[in-house]
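Data first, discussion second: the structure below is written as structure tokens.
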Amino acid sequence: MDDQSPLLKTPLHALHVSLGARMVPFAGYDMPVQYPLGVLKEHLHTRAHAGLFDVSHMGQVIVRARSGNNADAALALEKLVPVDVAGLGIGRQRYGLFTNDDGGILDDLMITNRGDHLFLVVNAACKEADFAHLEKHLGASCEVTPIRDRSLLALQGPKAEAALASLAPAVASMKFMDVIATPILGVECIISRSGYSGEDGYEISVPDETAEALANALLAIDGVEPIGLGARDSLRLEAGLCLYGNDIDTGTTPVEAALEWAMQKARRIGGARAGGFPGADRILAELDKGASRRRVGLKPEGKAPVRGHTKLYADENGGSELGEVTSGGFGPTVEGPVAMGYLPVGHAANGTTVYAEVRGKYLPVTVTALPFITPTYKR
Amino acid sequence: MLKFTSEHEWLKIENGVATVGITTHAAEQLGDLVFVELPAAGKSFAKGADAATVESVKAASEVYCPLDGEIVESNDAITADPSLVNSDPQGAGWFFKLKLANPADADDLLDEAAYKELIA
């Protein structure tokens, strides 16, 4: 990303400004980091009621088999992800990872089987590279079509179902990771029951021209507040969810990142379609024997937040550097500091104490199971 | 005597000792504080040195020592409850008391009118 290029705006930009948001550059977009409520109260509001997030900066892309058979698109995509795409039912969504030849992670994404095509949602900072990656490797057998005229809104929290069902009754009966197409305000939206907060909720792909009307309709509902990127980050951290570029990147493998759950049996050794994705040799070996380091939850014992890039040591006086924190801050629901980072497997067991270097002191931090909160996904 | 710095601190100076805190404007910009670390009594700082740390959900920020001096007291109430800094930044949310090395240095700081102009 060229730092000199002008910031892009989502279709909700004017609405954010009118709501009093503090705008910051994020992945090339001018985005709301917080509204007047503030990060702490926005976080707590989302867990207690419902929060509306503008995630229109993320990439949306359709992959459609030239043969007309969606199974061919699924098999084509499986060449890029260690995920069982062919086994994904119609109207179902699944988390996935684009891997590289070294077994590193190029991006993480959501994959949906929409019946006659696949619908993918990828990270904002990676989207143009992802579109090119898909075109390069799938272009011969599939039409790869980035969607540049639809916004993406997320509605998260215990009141999300009632709020969205008041505009689109069909969403009430959806389960976690279901995806449907249904009209809202007279236009067809693609709605998944998923998100990035640890709460029940939805993500709504809506035509750009209707995005602001939809946001306003949701914000008019009692209990729905606009939530910025600041609280989005603290919510996902408490939920133990990775942020691409912080917790996972081309230097981390899926097994190091503790994302084995995203790689189904069909793609593992002995599975029906084992391997066949970039970096399969290393990733399959690590699935079998484990990796030498692992992403873990870290709970600082004191009150001081331990931020990203903080170094971690085995000894309380800073001896034996082990790794570093990849995401860390204050968890408003936990009411204390929370973090995640990478440790050698010998130090990665829950309950292990390591030491984080913060302003010249070595603060004890306990390896802790993720997530820090109990998710409320509607399974 | 009430003085201000361009780093958004206030100083209430009595008998060569400055009670120091962050301004209402600074507290609003930082957002809800969740952690405060204060210097121990007896510690000396030069003007501009990092004397305290404040953290919001999102980020950590340093609070600079506004003048040369020695800490004579710090406000344990805000380490126990950082939200005091947001609710009463220029009162109960004070940070520390600083015995000034050269009380006359305070003359160079901003008065309230100049500070208000700075943040306007």
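With the condition kept exactly as written, say whether any residue in the range A:82-97 is within 14 Å of chain B (Cβ to nearest Cβ), assigned to a loop (DSSP other than H, G, I, E, B) and either under 22 Å from residue A:216 (Cα atoms) or modelled with pLDDT of 95 or more (or both).
No, the range A:82-97 contains no residue that is within 14 Å of chain B (Cβ to nearest Cβ), assigned to a loop (DSSP other than H, G, I, E, B) and either under 22 Å from residue A:216 (Cα atoms) or modelled with pLDDT of 95 or more (or both).
Go through the range A:88-126 residue by residue and tally those that are hydroxyl-bearing (Ser, Thr, Tyr) and touching a helix residue (DSSP H, G or I) at 6+ places or on another chain (Cβ under 8 Å).
2
Out of the residues in the range A:288-302 that are without any contact (Cβ under 8 Å) to a residue 60 or more places away in the chain and touching a Pro at 6+ places or on another chain (Cβ under 7 Å), state the one that is farthest from residue A:369 (Cα to Cα).
Among those that are without any contact (Cβ under 8 Å) to a residue 60 or more places away in the chain and touching a Pro at 6+ places or on another chain (Cβ under 7 Å), it is A:292.
Taking the range A:173-229 as the search range and keeping residues that are surrounded by fewer than 16 Cβ atoms within 10 Å (Cβ to Cβ) and part of a loop (DSSP other than H, G, I, E, B), which one is nearest to the chain's Cα centre (by Cα)?
Here the residue is A:175.
The rows are residues; the columns are (1) among the aromatic types (Phe, Trp, Tyr); (2) surrounded by fewer than 17 Cβ atoms within 10 Å (Cβ to Cβ); (3) within 30 Å of residue A:274 (Cβ to Cβ).
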residue: A:11; (1), (2), (3): no, no, no
residue: A:19; (1), (2), (3): no, no, no
residue: A:53; (1), (2), (3): yes, no, no
residue: A:71; (1), (2), (3): no, yes, yes
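Can you pull out every residue in the range A:350-361 that is within 14 Å of chain B (Cβ to nearest Cβ) and assigned to a strand (DSSP E or B)? Break it down into steps so the answer makes sense when it comes.
Step one: of the range A:350-361, the residues within 14 Å of chain B (Cβ to nearest Cβ) are A:356-361.
Matches in the range A:350-361: A:356, A:357, A:358, A:361.
Those residues that are within 14 Å of chain B (Cβ to nearest Cβ), surrounded by 21 or more Cβ atoms within 10 Å (Cβ to Cβ) and either closer than 20 Å to residue A:104 by Cα or touching a Phe, Trp or Tyr at 6+ places or on another chain (Cβ under 9 Å) (or both), I need them from the range A:265-310; list them, please.
Answer for the range A:265-310, where residues must be within 14 Å of chain B (Cβ to nearest Cβ), surrounded by 21 or more Cβ atoms within 10 Å (Cβ to Cβ) and either closer than 20 Å to residue A:104 by Cα or touching a Phe, Trp or Tyr at 6+ places or on another chain (Cβ under 9 Å) (or both): A:304, A:305.
Which of the residues spanning the range A:120-142 are outside any helix (DSSP H, G or I) and surrounded by 22 or more Cβ atoms within 10 Å (Cβ to Cβ)?
Selection gives A:120, A:121, A:122, A:142.
Please determine, by comparing only the residues of the range A:40-69 that are of a type outside the set (D, E, K, R), under 30 Å from residue A:138 (Cα atoms) and in a strand (DSSP E or B), which one is nearest to the other protein chains (Cβ to nearest Cβ).
Ranking the candidates gives A:59 first.
Using beta carbons and a limit of 8 Å, which pairs, at least six apart or on different chains, have the first residue in the range A:24-39 and more than 14 Å from every other protein chain (Cβ to nearest Cβ) and the second one crowded, with 18+ Cβ neighbours inside 10 Å and assigned to a loop (DSSP other than H, G, I, E, B)?
Partner pairs satisfying both residue conditions: A:27/A:57; A:27/A:123; A:28/A:57; A:29/A:10; A:29/A:57.
Quick check: anything in the range A:246-260 surrounded by fewer than 19 Cβ atoms within 10 Å (Cβ to Cβ), under 27 Å from residue A:286 (Cβ atoms) and within 14 Å of chain B (Cβ to nearest Cβ)?
So far as the range A:246-260 goes, yes, one or more of its residues are surrounded by fewer than 19 Cβ atoms within 10 Å (Cβ to Cβ), under 27 Å from residue A:286 (Cβ atoms) and within 14 Å of chain B (Cβ to nearest Cβ).
So, in the range A:319-349, how many residues would count as being in a strand (DSSP E or B) and more than 14 Å from chain B (Cβ to nearest Cβ)?
Applying the first criterion (in a strand (DSSP E or B)) to the range A:319-349 yields A:321-331, A:336-344.
Now drop any that are not more than 14 Å from chain B (Cβ to nearest Cβ), which leaves A:321-324, A:326, A:340-344.
Final tally of qualifying residues: 10.
Considering only residues that are in a strand (DSSP E or B) and of a type outside the set (A, V, I, L, M), which ones fall in the range A:19-37?
A:22, A:25, A:26, A:29, A:30, A:32, A:34
The values are calculated or read from the model by the stated rules, or taken from the named source; none is laboratory data. Because the structure is a prediction, the values reported are computed rather than measured. Note: ideal-geometry Cβ built from the backbone for every residue, glycine included; neighbour counts use all protein chains shown.
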